[in-house]
Amino acid sequence: MDDPAPRLTAEQWLARVFADGRPRHFGTGWLSGVLGIVLALLALLSVLCWHFPQYLTLPELRERYPLALVRLAIDIGLLAAMGLAGLSMLLRKRKALGVTALILAGAALTLGAGGAEIPRAGSSVIYLGLDWFVLGVLSTAAILVPLEGAFPLRRGQGAFRRGWLTDTQYFFASHALAQLMSVAVLAPAVALGEMLAVPSAQAAVQSLPWLVQFALCVLVADLAQYGVHRAFHAIPLLWRFHKVHHSVETMDWLAGSRLHLVDVIVTRGLVLLALLVAGFAETALYAYLALVSFHAVFIHANFAPRSRWLERWVAMPRFHHWHHGVEPEARDVNFAVHLPVIDRWFGTYHLPEGRWPGGYGIAGERAPEGWVKQLVWPFSMRQ
Ligand SMILES: [Zn+2]
Ligand SMILES: [Zn+2]
């Protein structure tokens, strides 16, 4: 009897729809097609936010948008998406990319594009941060995709490497589920932080110059993160969850998003608790949050440039790539996110001169694909 045909993963299915076996370099209509799809999709999601702000946008952001500017940006994005779709269809024999971009742009146009009316609706109890996701893609991808394209470590790896769809789901969830984060991370950390605070010590911290507070903020946060991260590696029950992060086999800016919810909630909660107990000024905390949201992504990037002097003091991609390495020498090293000196203090620093790891992942094991499957993976009895 014949074996049943293997079921296609979503990634393979997408590749089959869009692949035409033709070159993808500049001038082949591939880049314009992909860029057209991304822009049209972002515009469509933005227009959906416009129609259902109470369910799809964060209350903290909802009131603050410069509306005229956002409307203009959506319309310009749509125009660009349609132009790129047309260009792709001119240059490329198979039209799947261009047609998809046009369908998405058409849906956004049908819904009113940038000119759509905003309904006067109250706030919903449960909401998604779709607006936060769109802003996240625009700010992160817009910086890191060109950087990786211009200075790649592993040339030819491409954006659509194995696991890209899983990691895109993580990127989406980490932004769209902002409400869950504020309930599960922020609220308990604030409550516990108030109980543990020593007012006189906090007053002393707040009397320091702002820059000193910011620098201390980075140090305290990375020390807390270091301790929690080491625990996630050392304690088998916690490793089940953190293993998800280490299951990426290709490193790029998107790979850093792959973190199990339990990992995110415990790590962020405890780091935030440490910062709140220390009592730093709110602006220093916000500056730190902006830094970590970029730096934690950057250290995963497929980005080759390095500075011998700088990489000893500031975590660069090579430092964190070693944390993900499959070879035995890469086991349990480089736990810090910002400051490699912390690993030097605790004897876990590993940065062999001039070398990068040969590969990434968990030796001998492969995680299932998809956010939902990886969410339940640590609970599987078979592990
Ligand atoms: Zn780790
Ligand atoms: Zn990592």
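Please treat every number below as a calculation from the coordinates, not as lab data. Predicted, not measured: the structure shown is a model, and the values here were computed from it. Note that we place each Cβ from the backbone using ideal geometry, even for glycine, and neighbour counts take in every protein chain shown.
Using Cβ contacts closer than 10 Å as the measure, can you line up 210, 253, 309, 239 from fewest to most?
309, 210, 239, 253
Picking from 67, 198, 157, whose Cα lies most toward the positive end of the charge dipole for the chain (charges on Cβ: Lys, Arg +1; Asp, Glu -1)?
157
Would you give the gap between the C-alpha center of the range 123-171 and the C-alpha center of the range 334-370, rounded to a whole Å?
Computed from Cα coordinates, the inter-centre distance equals 22 Å.
What is the distance, in nm, between label points placed 7 Å from the Cα along the Cα-to-Cβ direction at residue 124 and at residue 139?
So the label points at residue 124 and residue 139 sit 2.3 nm apart.
Counting other C-beta atoms within 10 Å, which of 233, 320 has the fewest, and how do the rest follow?
With the fewest neighbours first, 233, 320 line up as 233, 320.
Would you calculate the separation in nanometres between label points at residue 219 and residue 204, each defined as 7 Å from the Cα along the Cα-to-beta-carbon direction?
Distance between the two pseudo-spin positions: 1.4 nm.
Just to confirm my numbers, what's the Cα centroid distance between the range 296-324 and the range 240-259 in Å?
16 Å
What's the whole-number percent of alpha carbon pairs in the range 46-97 lying beyond 14 angstrom?
64 percent
Run the helix sum for the chain: -39,500 (n - 2.57) per DSSP H stretch of 4+ residues, divided by residue count, reported at 222 nm to the nearest 500 deg cm²/dmol.
Estimated from H runs of four or more residues: -17500 deg cm²/dmol.
Residue 373: which lysines have alpha carbons under 17 Å from its alpha carbon, excluding same-chain residues fewer than 8 sequence positions away?
Those lysines meeting the cut-off are 243.
Averaged across orientations, what area in nm² does the convex hull of the alpha carbons in the range 21-123 project?
Dividing the Cα hull surface by four gives the mean projection, 7.0 nm².
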